[in-house]
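Contents: one structure, followed by commentary.
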Amino acid sequence: MKAIILLGAPGAGKGTLAEGVKNATAFIHVSTGDMLRAAIKAGSPTGLEAKAFMEKGELVPDEVILRIVGERLAQGRPDDQYMFDGFPRTLEQARRLDDVLAGLGGAVNQVFLLEVPTPVIVSRLSGRRICKGCGAVYHVTNIPSKVEGICDQCGGALYQRPDDSEATVLNRLEVYQRQTASLIDFYERKGVLVRVNAGTNPQAATAELLSKLA
Ligand code: ADP
Ligand code: ZN
């Protein structure tokens, strides 16, 4: 089992890059944020547990995250290749992921750190719009849909994620610095960290990532 990780602040473009990589490779995209939003939509116990944390921009407790990821990996096959997006986000999650992968005969092969200047991040997040129907991601100025408020791909309505409001965005960035940024060091020491300039545009960032994929 092969695994790569997309690491970076909220708004670094993990989800957008993941789409590009998924289309060009055999990686299975595992986004804990998407899984949690699906759980909330479905009204499942996990969703109920996660909702309040997400709305405030806080991290969902490690046990919840490790349970949903564990369940997902348990459905997989030995030769699956995973691309984690938004996971791990704490040292505890990273250590437990190592254990789970080791148990499946795998390891974290590469960790792509998406580097973006903070002002760019704030503008990306506050302008981000998501399709209710298919989850496609737009931006009011950077990636507008052809018809305002309507998804190009499925005709669904576009909305702003509740945690993309300005106050919550600032809290998410602080949470990233406090809880997630230490993973940079953790993976650098293991020799698997790969830096990607994600501050320009999605095409360039995706191409750079693909060129560095081992
Ligand atoms: P972003 O990276 O832009 O913040 P995500 O969709 O990855 O977007 O995450 C949205 C929210 O979901 C986070 O703010 C957090 O509350 C929760 N979440 C997602 N993944 C994790 C995780 N691995 N650990 C804890 N909380 C998570
Ligand atoms: Zn759509």
Check your understanding: What FRET efficiency would be calculated for the residue pair ASN201, GLN153, taking the C-beta separation as r and a Förster radius of 22 Å, to the nearest 0.05?
Key -> 0.70
Review point. What's log10 of I(q)/I(0) for the chain at q = 0.13, 0.14, 0.15, 0.18 Å⁻¹, Debye sum over Cα points only, no solvent?
Key: -0.74, -0.87, -1.01, -1.53
Review point. Over all Cα pairs of segment 40-106, how is the pair count split among 10 Å bins, expressed in % and running from 0 up to the last occupied bin?
Key: 18, 50, 27, 6
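Which entries in LYS2/LYS190; LYS2/LYS41; LYS22/LYS212 show an alpha-carbon gap greater than 25 Å?
Pairs exceeding 25 Å: LYS2/LYS41.
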Practice item. Please express the shape of segment 161-214 as an equivalent ellipsoid: the semi-axes are the square roots of 5 times the eigenvalues of the C-alpha gyration tensor, given largest first in whole angstrom. Key: 25, 19, 7
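Scale the Cα Rg of segment 104-214 by the rule-of-thumb value 2.2 N^0.38 Å and send over the ratio, two decimals.
The reported ratio for this selection is 1.25.
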Point to revise | Amide N proximity, segment 84-126 versus ALA42 label position 7 Å along Cα-to-Cβ, cut-off under 20 Å | key: 84-87
Practice item. Within segment 125-192, report the GluC sites (Glu not before Pro) that DSSP leaves as loop and that have at most 11 other Cβ atoms within 10 Å. Key: GLU148
Exercise for review: From zero up to wherever the largest Cα-Cα distance of segment 125-187 sits, split into 10 Å bins and tell me the percent of pairs in each.
Suggested key: 22, 36, 26, 15, 1
Check your understanding: Okay, which of segment 49-69 sit inside 19 Å, backbone N to the point 7 Å along the Cα-Cβ direction of LYS190?
Key -> 62-63, 65-69
Review point. Among all helices in the chain defined by DSSP H, which have a length of 20 Å or more along the axis from Cα atoms plus a Kyte-Doolittle mean of at least 0.5?
Key: none
Review point. How much of the accessible area of the chain, probe 1.4 Å, is carbon plus sulfur, in whole percent?
Key: 53
Exercise for review: Mind checking the per residue accessible area of segment 1-152 for me, 1.4 Å probe, whole number of Å²?
Suggested key: 47
Revision key, fill the gap. quick note, the chain, DSSP beta bridge pairs, % antiparallel (nearest 5) is 25
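The values are calculated or read from the model by the stated rules, or taken from the named source; none is laboratory data. All values derive from a computational prediction rather than experimental measurement. Positions of Cβ are backbone-derived with ideal geometry, glycine not excepted, and every protein chain shown enters the neighbour counts. Calculation scope for accessible area: heavy atoms of the full protein, side chains included, ligands and nucleic acids excluded. Shrake-Rupley method; radii C 1.70, N 1.55, O 1.52, S 1.80 Å.
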